[in-house]
Amino acid sequence: MTTYWYLFLAIVTEVIATSALKSAEEFTKLVPSLIVIVGYISSFYFLMLVLRTLPVGITYAIWSGVGIVLVTIAGMILYDQTPDIPAIIGMLFIIFGVIIIHVFSKTVAH
C-alpha cells in the first residue's frame, strides 16, 4: 500500500509542477518557478520510491496517464482551457488503458 501512496504523491506533485509551468512564464516569475522546480524534484523522488516495487513501464503508464487527465482538469480550472471532443476521447482511452493495466496485468500486484 505504501507504494501506491508514493505513486499518488508522485502524480500530485507532478500535476502541481506542470500546472505551474504556464504561470512561471519561462521561469521569469519566482514563486511559480519554485513550485515547478520543487514539484518536479518531489515527483521524481516519489517515483523513484515506487520503482523499488513496481516495474518502470507500469509505473510510468499510471503516472503519466493519470497525470495527463489531472493536468487537463487543472488547465480547465486555472487557465480556462477546454479540451475538444477528440482530446476527451483520447484521454478516455488513456484512462481505460491504465485500468486495464492495473486490473489485468500480471506485473502489477493485486
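The values are calculated or read from the model by the stated rules, or taken from the named source; none is laboratory data. What you see is a predicted model; the values in this text were computed from it and never measured. Please note: Cβ atoms are built from the backbone with ideal geometry, for glycine as well, and neighbour counts cover all protein chains shown.
No other residue among Val36, Val66, Val31 is in a helix (DSSP H, G or I), β-branched (Val, Ile, Thr) and surrounded by fewer than 17 Cβ atoms within 10 Å (Cβ to Cβ) apart from Val31. Taken together, the criteria place Thr59 among residues that are crowded, with 17+ Cβ neighbours inside 10 Å and part of a helix (DSSP H, G or I). The set of residues in the stretch 1-53 being acidic (Asp, Glu) and out of contact with any helix residue (DSSP H, G or I) (no Cβ under 6 Å at 6 or more places or on another chain) consists of Glu25, Glu26. All conditions but one from (1) farther than 29 Å from Thr107 by Cα; (2) out of contact with any helix residue (DSSP H, G or I) (no Cβ under 7 Å at 6 or more places or on another chain); (3) part of a helix (DSSP H, G or I) apply to Leu78; the one that does not is (2).
With respect to the stated conditions, Ile99 fails to be in a helix (DSSP H, G or I), farther than 18 Å from Pro55 by Cα and free of Cβ contacts under 8 Å to residues at least 60 places away in the same chain.
Quick check on my filter: what residues within the stretch 40-56 are part of a helix (DSSP H, G or I), modelled with pLDDT of 95 or more and not polar (S, T, N, Q)? Answer for the stretch 40-56, where residues must be part of a helix (DSSP H, G or I), modelled with pLDDT of 95 or more and not polar (S, T, N, Q): Tyr40, Ile41, Phe44, Tyr45, Phe46, Leu47, Met48, Leu49, Val50. If you take the residues of the stretch 69-80 that are surrounded by 12 or more Cβ atoms within 10 Å (Cβ to Cβ) and without any contact (Cβ under 8 Å) to a residue 24 or more places away in the chain, which of them is farthest from Leu7 (Cα to Cα)? Filtering the stretch 69-80 for residues that are surrounded by 12 or more Cβ atoms within 10 Å (Cβ to Cβ) and without any contact (Cβ under 8 Å) to a residue 24 or more places away in the chain, the one farthest from Leu7 (Cα to Cα) comes out as Met76. Listed by first and then second residue, the pairs linking a residue in the stretch 38-60 that is under 21 Å from Ser19 (Cα atoms) to a residue that is in a helix (DSSP H, G or I) and among the charged types (D, E, K, R), with Cβ atoms under 9 Å apart and 6 or more places separating them unless they lie on different chains, are Gly39/Glu14; Tyr40/Glu14; Ser42/Glu14; Ser43/Glu14; Phe44/Glu14; Phe46/Glu14; Leu47/Glu14. Screening the stretch 13-28 for residues that are closer than 14 Å to Gly75 by Cα and surrounded by fewer than 18 Cβ atoms within 10 Å (Cβ to Cβ) and picking the one that is farthest from the chain's Cα centre (by Cα) gives Ser23.
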